[in-house]
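The values are calculated or read from the model by the stated rules, or taken from the named source; none is laboratory data. Please read these numbers as outputs of a predicted model, since none were measured by experiment. Here the Cβ is made from the backbone with ideal geometry for all residues, glycine too, and neighbour counts use every protein chain on show.
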Amino acid sequence: MKLYITPPSPFARKCRIVAREAGLSDHIEEIVADPYASAPELLAANPLVQVPVLIADDGEPITDSPVICEYLDALGGGLRLLPAEGPERWRVKRLETLANGVLEMGVKLVLEKRRPEPERSPSWIERWTRNMGLGLDALEAAAPRADPLDMGVITTGVAVTWIGFRHPDFDWKTGRPNLVALQEALEARDSFRQTRPVP
């Protein structure tokens, strides 16, 4: 299998972590592709020219990190990170979706701040910053723990580390001791240490 990534992408990092936790990392070739340069191989795999993209063994592309993660989780031989059914599945999916939403707010902020200054929207920057904080508050209230590991926990850990990486002036730690403890525990795991974001 092939997994197209960019090293700083939190969505790609989620997939890389799941591949490691599922015992599949030796079966997946990670390929760095630049979406902003419309890398031809990425464009061929995903017409939206976004990462991550997984090319499965049958040659078919799988896009969108939650779908890729679920596919790898089902394929792997490790502990299931997404329960197959029932209330526990929906608990995990709610947490995963909330953490993904926090990441989406953070990505919007990054893209807006990359625009030429006269083109930036202070009102959108304010709104997305506020929403990112509100989402983090909700994650804090959910009090996720590193054990047992699941997709909601992984996505939450990826989100807080990435926010610290991309938005160093945003204080995500103060008043959120549960998230701080979660990050410290997760970043000590091999799958997290091997996939830390780099510029």
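Among the residues that make up region 164-172, is at least one of them more than 14 Å from the chain's Cα centre (by Cα), among the acidic types (Asp, Glu) and closer than 22 Å to PRO8 by Cβ? So far as region 164-172 goes, yes, one or more of its residues are more than 14 Å from the chain's Cα centre (by Cα), among the acidic types (Asp, Glu) and closer than 22 Å to PRO8 by Cβ. Inside region 81-113, residues that are more than 25 Å from TYR36 (Cα to Cα), surrounded by 11 or more Cβ atoms within 10 Å (Cβ to Cβ) and of a type in the set (Gly, Ala, Ser) make up a count of 0.
Residues checked against (1) touching a strand residue (DSSP E or B) at 6+ places or on another chain (Cβ under 9 Å); (2) outside the structural domain of TRP162 (by TED's automatic domain parsing):
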{"position": "LYS14", "(1), (2)": "no, yes"}
{"position": "GLU21", "(1), (2)": "no, yes"}
{"position": "VAL32", "(1), (2)": "yes, yes"}
{"position": "ALA39", "(1), (2)": "yes, yes"}
{"position": "ILE68", "(1), (2)": "yes, yes"}
{"position": "LEU95", "(1), (2)": "no, no"}
{"position": "MET105", "(1), (2)": "no, no"}
{"position": "LEU109", "(1), (2)": "no, no"}
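Assess whether ALA44 counts as being modelled with pLDDT under 95 and over 18 Å from ALA159 (Cα atoms). Yes, satisfied.
Tallying residues that are within 15 Å of ILE154 (Cα to Cα) and small (Gly, Ala, Ser) within region 60-77 yields 1. Listed by first and then second residue, the pairs with beta-carbon distance under 9 Å, at least 6 apart or on different chains, first residue in region 156-185 and on the phi > 0 side of the Ramachandran plot, second charged (D, E, K, R) and assigned to a helix (DSSP H, G or I), are GLY175/ASP137; GLY175/GLU140.
Among the conditions (1) at pLDDT 95 or above; (2) within 21 Å of VAL158 (Cβ to Cβ); (3) in contact with a Leu (Cβ under 7 Å, 6 or more places away or on another chain), the only one that ILE125 does not satisfy is (2).
Within region 2-27, the only residue that satisfies the criterion of being over 14 Å from ILE154 (Cβ atoms), of a type in the set (Gly, Ala, Ser), within 18 Å of the chain's Cα centre (by Cα) and in a loop (DSSP other than H, G, I, E, B) is SER9. Cβ separations smaller than 7 Å between residues 6+ apart or across chains give the following pairs from region 35-60 residues that are surrounded by fewer than 20 Cβ atoms within 10 Å (Cβ to Cβ) to residues that are assigned to a helix (DSSP H, G or I) and of a type outside the set (A, V, I, L, M): VAL49/PRO35; GLN50/PRO35.
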